[in-house]
Amino acid sequence: QVQLVESGGGLVQPGGSLRLSCAASGFTFSSYTMSWYRQTPGKERELVAVITTTGTTTNYAYSVRGRFTISRDNAKNTVYQQMNSLKPEDTAVYYCNARRHVEYWGQGTQVTVSS
């Protein structure tokens, strides 16, 4: 059974940091491109960051470049997103995505940036 389980979300003040984790199981994690998306009510899901299978290539949405870092540990079947200098506009539900010839999604974790 395929599972992507996100954790690490929460409430943080502007300028603060959070680290999201996504633990994968039920598929060959190291063969899948992994991504983080986010979504706010009434808006489409937005690609935030992507990392290739070996972790050698990453890409980021312009809005988070220089503040967010995606990484993966294929030995632990886990992808991470370090989020620094958080802004209120980063508030969203963050989703983990695995993609190869099929696509899998996690259930999401809420990140709220507010004073």
Region 1-70, relative contact order in percent, only Cα pairs under 8 angstrom and at least six apart counted:
21 percent
Quick one: if you take sqrt(5λ) for each eigenvalue of the C-alpha gyration tensor of region 1-65, what semi-axes come out, biggest first, whole angstrom?
22, 16, 13
Placing +1 on the Cβ of each Lys and Arg and -1 on the Cβ of each Asp and Glu in the chain, which of A61, Q13, S115 has its Cα farthest towards the positive end of the resulting dipole?
A61
Distance (nanometres) between label positions extended 7 Å along Cα→Cβ at E44 and T112:
2.8 nm
On the accessible surface of region 22-115, probed at 1.4 Å with all protein chains in place, carbon and sulfur together account for a percent value of 47 percent
Mean accessible area per residue over the chain (1.4 angstrom probe, all protein chains present, square angstrom) is 53 Å²
Can you run phi through the Karplus equation (6.51, -1.76, 1.60; θ = phi - 60°) for region 45-60 and list ³J(HN,Hα) in whole Hz, with x for Gly and Pro?
5, 10, 6, 9, 7, 9, 9, 6, 4, 8, x, 7, 10, 10, 8, 9
Sparsely packed trypsin sites (Lys or Arg not before Pro) within region 20-64, loop by DSSP, other Cβ within 10 Å at most 16:
K43, R45
About the Cα centre, charge dipole magnitude for the chain (Lys/Arg +1, Asp/Glu -1 at Cβ), debye
160 debye
May I have the convex hull volume per residue, in Å³, for the Cα set of the chain?
96 Å³
Once you list every other residue whose beta carbon is under 14 Å from the beta carbon of S114, what net charge do they have if Lys and Arg are +1 and Asp and Glu are -1?
-1
Can you quote the Å³ per residue value for the convex hull of the Cα atoms in region 49-115, rounded to an integer?
104 Å³
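The values are calculated or read from the model by the stated rules, or taken from the named source; none is laboratory data. A quick note: this is a predicted structure, and the numbers were derived from the prediction, not measured. Methodologically, a virtual Cβ is constructed for each residue, glycine included, from the backbone with ideal geometry; neighbour enumeration extends over all protein chains shown. The protein model used for the area step is the full one, side chains on, heavy atoms only, and it has no ligands, DNA or RNA in it. Shrake-Rupley method; radii C 1.70, N 1.55, O 1.52, S 1.80 Å.
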